[in-house]
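Q: A single structure is presented below for examination.
Just so you know, all these numbers are worked out from the coordinates, no wet-lab data involved. Just so it is clear, the model here is predicted, and its values are computed rather than measured. A quick note on method: Cβ atoms are made from the backbone with ideal geometry, for glycine too, and the neighbour counts reach across all protein chains shown.
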Amino acid sequence: MQNRLLIIFLTLLMNIFNQNNAVAVEQFTFDVSEIEILNNGNIFKGLNRGQITSDNGFTINADEFEYNRNSNILNARGNVKINYPLKGYRIFAEKISYLKNQNIIIAKNKSKLIDNQ
């Protein structure tokens, strides 16, 4: 809960100082135990396992996350699980890259897709 409040606070703070990039931060909700914000707020690193919820309706659980606001690419690694109930599938992998602008998920290393349909 404290992490969500921190992310909301940081998002609001960044919106005040940088109106042009407000949309990129709102695309993901980070629920992680430890977060690093680098490169003037353009890189978010989630550490020590956590979950990211996308505005597209899916969740990503992983050991580590890195989101680049400039490129709009999210990388996750370590026991990655993506649950996308709207599309009816789950993805398991060691690493993934989510290219938000193209709406593409690239799963790497020991990947498995389960399609409920």
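Q: Taking the residues in the range 56-100 that are of a type in the set (D, E, K, R) and part of a strand (DSSP E or B) as candidates, determine which candidate is surrounded by the most Cβ atoms within 10 Å (Cβ to Cβ). Steps first, please.
A: Start the filter on the range 56-100 by keeping residues that are of a type in the set (D, E, K, R), which leaves 63-64, 66, 69, 77, 81, 87, 90, 94-95, 100.
This time we only want the ones that are part of a strand (DSSP E or B), so: 64, 66, 77, 81, 90, 94-95.
Details: GLU64: 19, GLU66: 17, ARG77: 17, LYS81: 16, ARG90: 16, GLU94: 16, LYS95: 17.
Residue satisfying both the conditions and the ranking: GLU64.
Q: On to the next question. Just to be sure, is PHE65 of a type in the set (Phe, Trp, Tyr) and touching a Ser or Thr at 6+ places or on another chain (Cβ under 7 Å)? Even if it seems obvious, please write down each step before you answer.
A: Values: of a type in the set (Phe, Trp, Tyr): yes; touching a Ser or Thr at 6+ places or on another chain (Cβ under 7 Å): no.
No.
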